[in-house]
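The values are calculated or read from the model by the stated rules, or taken from the named source; none is laboratory data. Values in this document were obtained by computation on a predicted structure and should not be read as measured data. All Cβ positions, glycine included, derive from the backbone under ideal geometry; neighbour counts span all protein chains shown. Protein only, heavy atoms only, side chains kept; ligands, DNA and RNA dropped before computing areas. Shrake-Rupley method; radii C 1.70, N 1.55, O 1.52, S 1.80 Å.
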Amino acid sequence: RIPHLGWVRMREALRFSGKILSATISRVADRWFASITVDTQDLTHLPKAENQGAVGVDLGVSALATLSTGEVITGPKAHAALLKRLRRLSRSLSRKQKGSANSKKARARLARLHARIANIRQDALHQLTTGLTRRFPVIGIEDLNVAGMMKNRRLARSIADMGFFEFRRQLDYKSEMRGGEVVVADRWFASSKTCSCCGQVRESLPLAVRTWTCPDCQTRHDRDGNAAINLKHYAVSSTVSACGGEGAGPGGNARVKPAPSKQEVSKKLPMGSFG
Ligand SMILES: [Zn+2]
């Protein structure tokens, strides 16, 4: 029962048991939502992450994400597919007389399309973050300077399309629910420019270069795949020292995040010793 409104039917049952504290009603396009706050102890409803070790995730422009396992997850390209309709609807709206019934109808149609695009994007992100946190107890990602990247016009569209901030937010809370850990490499970590095989760091690697060969060890790299492997190495080495294993200095139980150096990045650690 909602004050001033009366009784409303809920589309789905409440998924948590506990004391209901409050509800917030919101509207997106022509749909209404109730978000309900429940005081509950039940935070462990998700099973622990599978023991598939660590993974590095490189978020990209051409693909939504590239994993250190070699998997490439392509994005839904929501905008590309629906952009044409979006343009047509906006044009149609601008031709309608303001305040008229037809203008209201056109506005509602446009709002529905915007909501649909947002839903497609959200769905792809949720599938990606659920899959990652379900499989891997340790996930290494890059700390993206999104503000800086948005200034680059070529990148702006795909970043807005895919929502990196949202990716990070989902990964953090889902991983915590499953007892996993998200390790964020700092902004200056050269995930793309470092050879994941020998640790050699290149001076520069323009964005247009999608594959390259290491001058030191002759390994041929896919740009995104190589970055993902480096992020995995980073995550592995920082979890080892955080657990007080090798590399933990006299600092005791303080969380140690080693500065990424060639040696640490290229160090091969046994898989399966985590989680
Ligand atoms: Zn190399």
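Descriptive notes on the structure:
- Some residue of the stretch 49-58 being buried (at least 18 other Cβ atoms within 10 Å of the Cβ), of a type in the set (D, E, K, R) and at pLDDT 85 or above: yes
- All positions within the stretch 2-19 that are on the phi < 0 side of the Ramachandran plot and open to solvent by 100 Å² or more (accessible area, probe 1.4 Å): LEU5, TRP7, ARG9, MET10, ARG11, GLU12, ARG15, LYS19
- In this structure, ALA108 does not satisfy being modelled with pLDDT of 90 or more, crowded, with 17+ Cβ neighbours inside 10 Å and over 29 Å from ARG15 (Cβ atoms).
- Checking the stretch 112-121 against the condition returns a match, with at least one residue being at pLDDT 85 or above and among the basic types (Lys, Arg).
- Residue that is modelled with the lowest pLDDT, among those in the stretch 157-179 that are open to solvent by less than 50 Å² (accessible area, probe 1.4 Å) and assigned to a loop (DSSP other than H, G, I, E, B): GLY163
- Scope the stretch 80-107; condition of a type in the set (A, V, I, L, M) and closer than 30 Å to LEU64 by Cα; matching residues: ALA80, ALA81, LEU82, LEU83, LEU86, LEU89
- For the stretch 216-240, a tally of residues being in a helix (DSSP H, G or I) and away from the ligand (no atom under 11 Å from the Cβ) returns 17.
- When residues of the stretch 184-215 are limited to those that are of a type in the set (A, V, I, L, M, F, W, C), more than 10 Å from the ligand (Cβ to nearest atom) and in a loop (DSSP other than H, G, I, E, B), the one surrounded by the most Cβ atoms within 10 Å (Cβ to Cβ): PHE189
- Pair list, Cβ under 9 Å, 6 or more apart: the stretch 194-205 residue more than 18 Å from HIS233 (Cα to Cα), other residue among the aromatic types (Phe, Trp, Tyr) and more than 6 Å from the ligand (Cβ to nearest atom): LEU205/TRP212
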